[in-house]
Structures are given as structure tokens and as C-alpha cells.
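Shown next, in C-alpha cells, is the structure this report addresses.
The values are calculated or read from the model by the stated rules, or taken from the named source; none is laboratory data. For clarity, every value in this text was computed on a predicted model and none was experimentally measured. Cβ placement follows ideal geometry from the backbone for every residue including glycine, while neighbour counts extend to all protein chains displayed.
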Amino acid sequence: MKLISKAETLKKLKLKKSIIPDLKIYSFKKYFENKNKIIKDIENIFRNYNIAIRSSFTTEDTNETSNAGKYESYLNIKSNDYDEITSKINKLSTLKKNIKSEYFFVQKMVQKISFSGVVLTRNLEDYSKCLNINYFDGKNTDTVTSGKYGTKSIIFYENKKYKIPKKFNKLRLAIKEIIFLTKERDLDVEFAVDTKKRIYILQVRKLIVNKQNTYKEVDYKKLFFNLEKKINKLKQIHHDLLGKTTYFGNMPDWNPAEIIGTKPRPLALSLYQELITDHVWSKNRIEYGYRDLSQFHLMTTFFGTPYIDVRIDFNSWIPKDLSQKLSEKITSYYLNKFNKKTSLHDKIEFEILFTCATFTTKNKLKKELRGYLNKKEIDLFYKSLKKINLNALIKKKRDISLIEELKKKQEIIEKSNLYEIDKIYWLIEDCKKYGTLAFAGLARCGFIAIELLNSMVKIGAIKDGEKQKFLSNVKTINVEMKYDLKRMAKNKFIKKYGHLRPGTYDINSKNYKENFKNYFGKIKSERPQIKEKYKLEKNINALTGKLKIYKNVNELIEFIKESIAYREYSKFIFSKSIDLIFENLKKFGKKYNIKVDDLSYLNINKILNMYFNLSNYNTIDNLKKHIHENKNEYHANKSINLPDVIKSSKDLFVQIKDFDKINYISDKKITSKVIKYESKFIKKSFNGIVCIENADPGYDFLFNKNIKGLVTKYGGLNSHMAIRCSELNLPALIGVGEKNYNIIKKCKLIKIDCIEKKLELIN
């Protein structure tokens, strides 16, 4: 049968695998001619049942447009409630012109619902064939369609090897039957499942997809089975790694999804690898007292999506002075915990790992590891973690001096007469030696500092509000920029901050110098309000003796302040190197007629190889060929969607997305409109809560755009944006996860209560 109108389709479908609730179709013409008769008819047919009243207009569910959600459905109305039924039908009648030629229908409400939702037979992001199930565990049938908070989803690619979870098996068969009967491959189906596991079909419409805006359909079975081989190989036992298996996530450790995105272009990806995740990351860990993982690369890629190898990551956090046996036990514990709580993949250091000593660490070790480690092992572990803190205290000064040395190197190279390729080579080498290495260390110190503060709150030494006041008084480069923006002349401000850009590793993103007007608008010169100084020392004098790491309270406070400040400062400085790399790449590209956008498809290693290549014969032609190949591969990879966390190859074919734990920042409450950030349309003033997928220091201009709050898809409590919002005491939801983010960004108005850790979707 062909899909007709919303009501007629349901009326004519003869289903065996599922049930269509009883319904009756009415014309508005007959309703207006004899309203009482229609109302009486509804009461007689649906006696003793609650009903739903739905539109079935000619402009709904056509082959060109579905108009899904445009017209209201009224649910759970008593079949004998004359006034309510009349009111709802009248409301529907106002939604269309020429209403007398249109229809509505009344349908029996499903009783004792277990879960309900919507099934799409395509993934709208890439148009791939699948079962995309959005659902809600509970009695409300409109939670998914209305976009309410708290839904879950599963994407299932049909295959012989892996089964869909039992919960959805009957639903899968029901959808297959509808596809068979309608001869339509692309469907949008609303459903409900009752407590007896019976499937009810509430709506069937054609899924309308603008194919011009989608990528070519790909053979997922072939692609995923090829990737399966790679994943299975990486999961095998390795002679130089602790732990019997591994998992992959796009947010653990150096959180690539937050910094370069889930589908970075080759230049951004390769530069991130070269500057950090290939070698620099492990070198820093060794220096701070952790295990030597220098022979391993931290990050791998699957179809252009960067993932952190979790086993390598966990190995790198084990103190190097622990025995092999104890190290193995701790690593296995981490891996098991992660396996059970993969939703914590962007909060690993806070929720899974023990990487330093705080005022709560010893008790936490005893509580979590009792029965897994004996008392002696726990004591040894704690002692090793204290050494990490001491190393951080010592190495911090060295890392600060390294970052200052990088500033000098940048200036020398910038003023030199070296060729562009030579400049790029030395900018990268110096950045690794003095920049990202120092940043990795200072970021470690910054994490320890935040954990120390959090532990003070947990033991009741200070209140959360006191912590916020203290953080807001830490003089960071970000606070300084806000101050300088109001007191500095434009040219001086640009000289100091002009290298920053949203998306530090994206050459296509304009820096502050290139796009000052859009980022900051016309700035009124004014003296910023000076914050009241807040001292924490008086509250925590007695604490220093408990850790026996810091000589006195002044040393502890100084460590915390400097670590937080220099973490941001070091990032600020090394990002100048990246800006200079891009500047010289653009000059090089202009010389050889290579567009900036084309340069974004370049692997940085090709440029580094040119530094050593004495002959330029065919080099540029080969470079252009390389760009062309990378561009094609990138666009092919872009159409392949992968889950945030991969535990096994099964996760490729059965992608489950559950609730995400949200990080609430500040001690404020706010109700405000929601604004989705788009780089193409930078507003003078956002005057609302801004939603942004991921953000690095280049997005600091947002804080000068009158934003009321911030929501990010990715990021943990130690992310740049978390710290930044904490400094400013700006209400924020950091790392809400994909599902929650997609719901929040569609809202017009939300209420955030950071104290009570509550989010309310008002509209």
C-alpha cells in the first residue's frame, strides 16, 4: 500500500507484528455541521478510554514535506469530557485556512506504557540505512517528539553478527513489516510499547531527506567489518602494556573531540598529533613521575575520527615507582570501571583515575579499592601519588621558564629571513620543546590545583561559594584580556592577543587580528570593575599538615594560584606558534597558488619532509596531488558516523547513547534564551545562554559578548571553558553530551540552577 494521509495510512495498514490503536477519522466540515453528533460519536466509540486528538491535514506527511511537529496533538483527554474535546478540535481548526476541506482523527490512548519514541530508518546525519531509535522510558508518548529532556537513543546497522538489544527486537520486526507493506525504505515511525511488550504504532510517515545536503550512501557493512579488524588487533594483549584489552574514546585525556572536533581536517589532526599526542604527551608524563609510554602514540583515528586509546592512557597515569604486579592490578581496575561507566569518558581523571594526592585521596582509595588492593598496596599507591604532587611542585618552575623561552624563540623566528618552510619546521620543533611540553606539565599542575580545591570543599574546610570566589580572584590571562580590551588601544590589544582564534588548530578560522570587528565590535574605553580580594589562607591553615607535601599554607595557595594561571598562560603562548605556522603556510600557499581552504587538507608531515628535501623537483605538484587525495578521503570519512566510545567492534553496529552526567559551573541561577553559536554569524551581543559544541581559548571573545551562560557538548571540569566560567562565576553546563546538547540547543528558553544542579527546559 501507498502512504496516504496521516490518518488514512494508519487506517489502511494491516499489521501482524504490531498494533494500531483504534481510531476514527472526521472531517471538519461535518464537525461544524453537527458538532454535538460528532462529540457523542466519539464518546460512544471510545467509552471508558482516554483519547488523543490529532490533525490529518493535506499538508502533512506528503512526498515533499512531513511538517512533523507543526500541528499539535492533544493527548490523554477523557472521552466523555465534552468541553475539553470541543476546545481541542476548535484549536486544531484555527491552524489551517480552508479548514472544512481538512480532517482530524481521534485515537484510543495506549495503556500502561513501558517506553515510547520515534524510529527513523535512516541516520539523518549521513543518510545511512539503519534503525535510529529515539526513546523514553516512561508513560509519556510525546517526550521524544516534543524534544523534552532525558531521551535515549540507539542506532542499529543490520548485520548477521550482532543483535539489537532484546528490548527492541520486536520493534525491529514491526518496522521491517511496515517497510515491506508500504514499499517505502525511508520511514519516520512513532511507537509505544506497553508493559506486556506489545508494540503500538502511532504514526507512519515518509522520511523526507534533502539528498542534496547529504553524502553518497556508503556500504557500512564493508567499512565497519574492515574497521573491526583494526579494532580487534588493537584490543589484543600487548607485551609492553598493562591490562588485557583496551577501549577507545574521543574525550579521554587530551580530549580531541573538544579541541579539534570529531571530524578534523588533515592539517588540524596532523598538527595536533605532531605537537602533542605522538610524543610530547608521554615525555611530560615521564618527567612528572609516571610510567614510560614513549614508544606509543596516544591517539589513533578511525575513518578520520580521532580516538584516545584508553589502555595506553591508563598505563601512562601509573606512578613509575610501583611494582609491575601492583601496576597491573590498578590498571585492570581502571579498565573494568571504565567498561562499566563509559559515559564518564570525558570525566575520566575526576571519576575513574587516581593521578595525584588530595585531602580526600587516602579515604577514597580505602573506600573504592578495599577488597581489591590490600592495606599495604593502598599505602604504597598513596605514597606514590604524593610524590607526583612533589614533582609537580618542582617541575612547575621549570615549565614556566620553558614557556617564557618559547616567547623569545617565536620572536626570533618571526623576524628572521628564513624561508616559509624553514620557519614552519622550527616553529613546530620549538613549540614541542618549549611550548606544548611545558603546557602539558602546567596543565597537570592545574589539574592537581583544582582537585586540591575540590577536596577542600568535600571535607568541609571551605564552602563551594568560597572556592568560586577564590577562583574568580586568580589573575589569569583570560581575566587580563578582558581588562586589556577595555583599557588598551586597539593596535596594542591586537599585538598581544591577535594570534588567538576560535578553533586553535583550524587554519580557516580567522584570528582576532583578522576579524577584530566581528569578535569584539566597537569597544568603549572604561576601567573594569576591580574585584574584592579574597583570601583562602585563613580557612585552610590546618590542612597543610595532613598531606605533608607543602611546607605551609602559603606554598599551597601559591601552587594553586600559579598552576591555574600558568595553565592558561602557557596555552596562550604556544597557540602563538600555531598562528605563526598558519601565517607562513598561507604565504607558502599564496606563492604556489594553493588556497587557504586547500591547505586545511594538508598533512603537516608533508611540509616537514620538504624541509629535509633538497630537491624541489615535482614537490609542489605532489603536494597538490596529496591535498586532492586528502580532500576526497576527508569528505568520504565525514559521512561515516561513529560512537563517542568504542568498547568493541559491536559498538560500530549497535550504537547506544544514554544519559550524560553534566558538569555545573558557578553558584548561580539563571533563566535565559538559548543561542546556538555559529561562526558565520557572530553577533554584537548574544544576550543569552550560548550553546557551543567545543571551545578552546580562541573562543574567549564570547565572554565580551554579553553572554548570560554557556552550554558545551564536550568538556570536563578541567577543560578551558570550565575554568574560564569558574573564573567569571558564569553559569555553565560543561560536557552535557551529544544527546542532551541536541535537545538543549533546540530550546528557546532554559533555566540553569548550578547550586541545586538542575536544568529546566521551559520552552
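Within the range 741-750, can one find any residue that is at pLDDT below 80 and not aromatic (Phe, Trp, Tyr)?
Taking every residue of the range 741-750 in turn, none turns out to be at pLDDT below 80 and not aromatic (Phe, Trp, Tyr).
If I filter the range 143-173 down to residues being polar (S, T, N, Q) and over 23 Å from the mean Cα position of the chain (by Cα), which single residue comes out as modelled with the lowest pLDDT?
Going through the qualifying residues, I end up with ASN159.
Kindly evaluate LEU298 against the criterion of being closer than 22 Å to ASN389 by Cα and not polar (S, T, N, Q).
When the stated conditions are applied, LEU298 does not pass them.
Please name all residue pairs, on different chains or six or more residues apart, with Cβ atoms under 7 Å, provided the first residue is in the range 555-574 and is closer than 26 Å to THR504 by Cβ and the second residue is among the charged types (D, E, K, R) and part of a helix (DSSP H, G or I).
GLU562/LYS396; SER563/LYS396; ILE573/LYS407
Hey, can you tell me all the residues within the range 195-209 that are part of a strand (DSSP E or B) and in contact with a Ser or Thr (Cβ under 6 Å, 6 or more places away or on another chain)?
The answer is ILE199, ILE201, VAL204, ARG205.
Scanning the range 319-333 for residues that are part of a loop (DSSP other than H, G, I, E, B) and touching a helix residue (DSSP H, G or I) at 6+ places or on another chain (Cβ under 6 Å), which turns out surrounded by the most Cβ atoms within 10 Å (Cβ to Cβ)?
Checked the range 319-333; the qualifying residue surrounded by the most Cβ atoms within 10 Å (Cβ to Cβ) is LEU322.
Do we have SER316 as of a type in the set (Ser, Thr, Tyr) and surrounded by fewer than 19 Cβ atoms within 10 Å (Cβ to Cβ) here?
No; evaluated as a whole, the condition is false for this residue.
Take the range 175-209 and flag every residue that is modelled with pLDDT of 90 or more and basic (Lys, Arg).
LYS176, LYS183, LYS196, LYS197, ARG198
If you check ILE581, ILE573, ILE640, which single one turns out to be outside the structural domain of PHE470 (by TED's automatic domain parsing) and surrounded by 15 or more Cβ atoms within 10 Å (Cβ to Cβ)?
ILE640
Select, from TYR272, TYR307, the only residue that is more than 19 Å from GLN324 (Cα to Cα), surrounded by fewer than 24 Cβ atoms within 10 Å (Cβ to Cβ) and modelled with pLDDT of 95 or more.
TYR272
Looking at the range 634-690, which of the residues that are among the aromatic types (Phe, Trp, Tyr) and closer than 30 Å to LEU599 by Cβ is modelled with the highest pLDDT?
Among residues in the range 634-690 that are among the aromatic types (Phe, Trp, Tyr) and closer than 30 Å to LEU599 by Cβ, the one modelled with the highest pLDDT is TYR634.
Starting from residues that are outside any loop (DSSP other than H, G, I, E, B) and hydrophobic (A, V, I, L, M, F, W, C), keep the ones in the range 334-362 and report whichever is nearest to ALA461 (Cα to Cα).
PHE350
Contact list please: Cβ distance under 6 Å, first residue in the range 592-617 and within 22 Å of LEU275 (Cβ to Cβ), second residue β-branched (Val, Ile, Thr) and modelled with pLDDT of 90 or more, pairs at least six apart or on different chains.
Note: pairs meeting the criteria are ASP598/ILE627; LEU599/ILE507; SER600/ILE507; TYR601/ILE627; LEU602/ILE627; ILE607/ILE424; MET610/ILE421; TYR611/ILE421.
Which pairs have Cβ atoms under 7 Å, sit 6 or more apart or on different chains, and link a residue in the range 375-401 that is without any contact (Cβ under 8 Å) to a residue 60 or more places away in the chain to one that is surrounded by 19 or more Cβ atoms within 10 Å (Cβ to Cβ) and of a type in the set (Gly, Ala, Ser)?
Pairs that qualify, where the first residue is without any contact (Cβ under 8 Å) to a residue 60 or more places away in the chain and the partner is surrounded by 19 or more Cβ atoms within 10 Å (Cβ to Cβ) and of a type in the set (Gly, Ala, Ser), are TYR382/ALA357.
What is the residue count in the range 267-296 for residues that are assigned to a loop (DSSP other than H, G, I, E, B) and closer than 24 Å to ILE507 by Cα?
Of the residues in that region, 2 qualify.
So if I check each of LYS463, LYS423, LYS458, which one is free of Cβ contacts under 8 Å to residues at least 60 places away in the same chain, over 30 Å from GLY521 (Cα atoms) and among the basic types (Lys, Arg)?
The unique qualifying residue is LYS463.
Only residues that are surrounded by fewer than 20 Cβ atoms within 10 Å (Cβ to Cβ) and either assigned by TED's automatic domain parsing to the domain that holds TYR307 or in a helix (DSSP H, G or I) (or both): list them for the range 228-253, please.
Hits for the range 228-253 are GLU228, LYS229, LYS230, ASN232, LYS233, LEU234.
Can you find even one residue in the range 90-97 that is among the polar types (S, T, N, Q), touching a helix residue (DSSP H, G or I) at 6+ places or on another chain (Cβ under 9 Å) and in a loop (DSSP other than H, G, I, E, B)?
No, the range 90-97 contains no residue that is among the polar types (S, T, N, Q), touching a helix residue (DSSP H, G or I) at 6+ places or on another chain (Cβ under 9 Å) and in a loop (DSSP other than H, G, I, E, B).
Looking for whichever is touching a Gly at 6+ places or on another chain (Cβ under 9 Å), at pLDDT 95 or above, in the same structural domain as THR277 (by TED's automatic domain parsing) and of a type in the set (Ser, Thr, Tyr) here; the options are SER327, SER323, SER332. Which one fits?
The conditions single out SER332.
Every residue, every condition in (1) more than 40 Å from the chain's Cα centre (by Cα); (2) surrounded by fewer than 16 Cβ atoms within 10 Å (Cβ to Cβ), yes or no:
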{"position": "ILE19", "(1), (2)": "no, yes"}
{"position": "LYS29", "(1), (2)": "yes, yes"}
{"position": "SER73", "(1), (2)": "no, no"}
{"position": "LYS78", "(1), (2)": "yes, yes"}
{"position": "THR86", "(1), (2)": "yes, yes"}
{"position": "LEU92", "(1), (2)": "no, no"}
{"position": "TYR103", "(1), (2)": "yes, no"}
{"position": "VAL106", "(1), (2)": "yes, no"}
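For SER416, only one of the following conditions fails: (1) over 22 Å from TRP317 (Cα atoms); (2) within 34 Å of the chain's Cα centre (by Cα). What is its number?
SER416 satisfies every listed condition except (2).
Does the range 421-434 include one or more residues that are of a type in the set (A, V, I, L, M) and in contact with a Cys (Cβ under 6 Å, 6 or more places away or on another chain)?
Within the range 421-434, not a single residue is of a type in the set (A, V, I, L, M) and in contact with a Cys (Cβ under 6 Å, 6 or more places away or on another chain).
Report yes if LYS2 is modelled with pLDDT under 90, not in a loop (DSSP other than H, G, I, E, B) and not acidic (Asp, Glu), otherwise no.
So LYS2 does not fit the description; no.
Take the conditions more than 20 Å from LYS395 (Cβ to Cβ) and either at pLDDT 70 or above or of a type in the set (Ser, Thr, Tyr) (or both) and apply them to LEU536. Does it pass?
So LEU536 passes the test.
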